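Here the structure is laid out as structure tokens; the discussion comes afterwards.
The values are calculated or read from the model by the stated rules, or taken from the named source; none is laboratory data. These numbers come from a predicted model, not from an experiment. In this analysis, Cβ positions are derived from the backbone assuming ideal geometry, glycine residues included, and neighbour counts consider all displayed protein chains.
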Amino acid sequence: MYLASTDAVAKASEKSVARRGRVAGPVLALGAVSLVTDISSEMVTAVLPLYFVLQLGLSPLQFGFLDGLYNGVTAMVRLAGGYAADRGGRHKLVAGGGYALSALSRLGLLLAGGATAGIGAALAADRVGKGVRTAPRDALISLSSPPDALGRAFGVHRAMDTTGALLGPLAAFALLWATADAYDAVFVVSFCFGLLGVLMLVAFVPGRQEQQGQRKQPGGQGPGPRGRSSPGSALGLLRVPAFRRLLVAAALLGAATIGDAFLYLLLQRRLDFAVSWFPLLPLGSAAVYLLLAIPAGRLADRTGRRVPFLAGHVALLGGYVLLLAPTDGRPLLIGVLLLLGVFYAATDGVLMALAAPVVPRERRAAGMAVLQTGQALARLVAAAGFGAAWTLWGVTTALACAVVALTIAVAGAAALLARTEPGHRTEPRHRTEPRHPTASTPRTERLP
């Protein structure tokens, strides 16, 4: 009896080891959807700074508020999206609605023409779609992956997502070059890619029943409990000390993070290159992100997720300092794009991997939505604040303030996360040694 039991345990262990290097099918399917959708979104994102500042003639202050809207309006709907996804396990349905809304917003940009109000409404619709889909999508990734491989799973997804971020600006650049700066063509093609992403989600991402069948509770008792989520229970996660510290740390760092578009505008201002090359700037940081996303996720799984997360923000701080320094030419361009790519590779998916162990399964989407909402609101403040500082005091003073703010934020976040993740083994491990040499069943023991 004992030999049969231990043989079964050994075989199960071998299967676990064999599967450890694999990424679950739903993660790959979601990665493919994100790849296509990111081509759509990055085509628009790559040309918006030029469209706003050069063609529409907006001031840095106006652009700062629109950029903040583009990145912060998601806070209005993230909680609702997370709650709806957790209630009944409708992660795919809610995520699909968000993807569809973002695709339709491209037509809104087309119809808005040069009207700032219409553009703002279209951008708000796009960000609402992103806010609705992000938490359910990340919850699906975490629920489809083993706890000790969350960093790798999110790294693979973010790498596929970033492939789209690489192709999107290339497509925008090619269209603007071929159509003599016809922004309408960019918006139309962006809509087509967004629609393709929705169709891929419907066809290839498992629905609620498949997800429930894949992920069971320990002991073979079926899927985790459903229907327990509510807006109050999601906000009740704030009473969990580890989650509260992670939320405060993410918001603190977000409040000191200025938008990528500002960094690209500063590079164009410093290097004075032709504006037709502007849409290619995100390619540099996206390429670095693509190369480092999976290694950063694997490193986070092995050594702890806190250190890569903080190191990524230190890299972003280096980019700010480089823009302040008397560096010019190719070293400035390569250095800023490299550091920005390192920042995203070490923080984006790693933050979600940090969150998953401290959020119950039945509230996973809502918990991630709370975390993402705090970060989005903080970045809204950062974008508007940097735009105002640039307009009132000049770009040098605004950048100096950003350097000081991010330095303080990194120090504060390091203190908070040291208590959230004291060691690199944040997930419960299991031992399979028998309870006694004569015992017939293995013992399961949780390590601290």
Among all residue pairs at least 6 apart or on different chains, which show Cβ distances below 9 Å where the first residue, located in the range 364-390, is in contact (Cβ under 8 Å) with a residue 60 or more places away in the chain and over 21 Å from residue 351 (Cα atoms) and the second is crowded, with 22+ Cβ neighbours inside 10 Å and among the polar types (S, T, N, Q)?
none
Counted residues in the range 248-260 being assigned to a helix (DSSP H, G or I) and under 14 Å from residue 341 (Cα atoms) come to 1
Pairs, please: C-beta under 7 Å, at least 6 apart or cross-chain, first residue touching a residue at least 12 places away in the same chain (Cβ under 8 Å) and surrounded by 18 or more Cβ atoms within 10 Å (Cβ to Cβ) and in the range 233-262, second of a type in the set (Val, Ile, Thr) and not in a helix (DSSP H, G or I)?
237/359; 243/359
Would you mention how many residues in the range 381-404 are buried (at least 21 other Cβ atoms within 10 Å of the Cβ) and within 10 Å of residue 256 (Cα to Cα)?
4
Identify the single condition in (1) modelled with pLDDT under 85; (2) crowded, with 22+ Cβ neighbours inside 10 Å; (3) outside any helix (DSSP H, G or I) that residue 221 does not satisfy, given that it satisfies every other one.
(2)
Out of 316, 324, sole residue that is more than 21 Å from the chain's Cα centre (by Cα) and at pLDDT 90 or above:
324
With (1) surrounded by 14 or more Cβ atoms within 10 Å (Cβ to Cβ); (2) at pLDDT 85 or above as the list, and residue 229 as the residue in question, which single condition is left unmet?
(2)
So, in the range 1-57, how many residues would count as being modelled with pLDDT under 70 and more than 18 Å from residue 279 (Cβ to Cβ)?
21
Take the conditions charged (D, E, K, R) and modelled with pLDDT of 90 or more and apply them to residue 245. Does it pass?
yes
Exception for residue 127 within (1) surrounded by fewer than 22 Cβ atoms within 10 Å (Cβ to Cβ); (2) within 20 Å of residue 49 (Cβ to Cβ) falls at (1)
Show the residue pairs that are 6+ apart or on different chains and have beta-carbon atoms under 7 Å apart, the first residue being within the range 329-358 and touching a residue at least 60 places away in the same chain (Cβ under 8 Å), the second being among the acidic types (Asp, Glu).
340/260; 352/138; 354/421; 357/427
Tell me which residues, restricted to the range 120-158, are of a type in the set (A, V, I, L, M) and in contact with a Phe, Trp or Tyr (Cβ under 8 Å, 6 or more places away or on another chain).
123, 141
With (1) closer than 23 Å to residue 150 by Cβ; (2) at pLDDT 90 or above; (3) buried (at least 22 other Cβ atoms within 10 Å of the Cβ) as the list, and residue 364 as the residue in question, which single condition is left unmet?
(2)
I need the full set of residues from the range 347-368 which are more than 12 Å from the chain's Cα centre (by Cα) and of a type in the set (D, E, K, R), in order please.
361, 362, 363, 364
Any chance you could count how many residues in the range 111-169 are more than 26 Å from residue 188 (Cα to Cα), within 13 Å of the chain's Cα centre (by Cα) and acidic (Asp, Glu)?
1
Can you tell me which condition residue 181 does not meet? The list is (1) of a type in the set (Asp, Glu); (2) at pLDDT 50 or above; (3) not in a loop (DSSP other than H, G, I, E, B), and all the others hold.
(3)
Do we have residue 304 as crowded, with 19+ Cβ neighbours inside 10 Å, at pLDDT 95 or above and touching a Ser or Thr at 6+ places or on another chain (Cβ under 8 Å) here?
no
Answer with yes or no whether residue 202 is surrounded by fewer than 24 Cβ atoms within 10 Å (Cβ to Cβ), over 30 Å from residue 277 (Cα atoms) and at pLDDT 90 or above.
yes
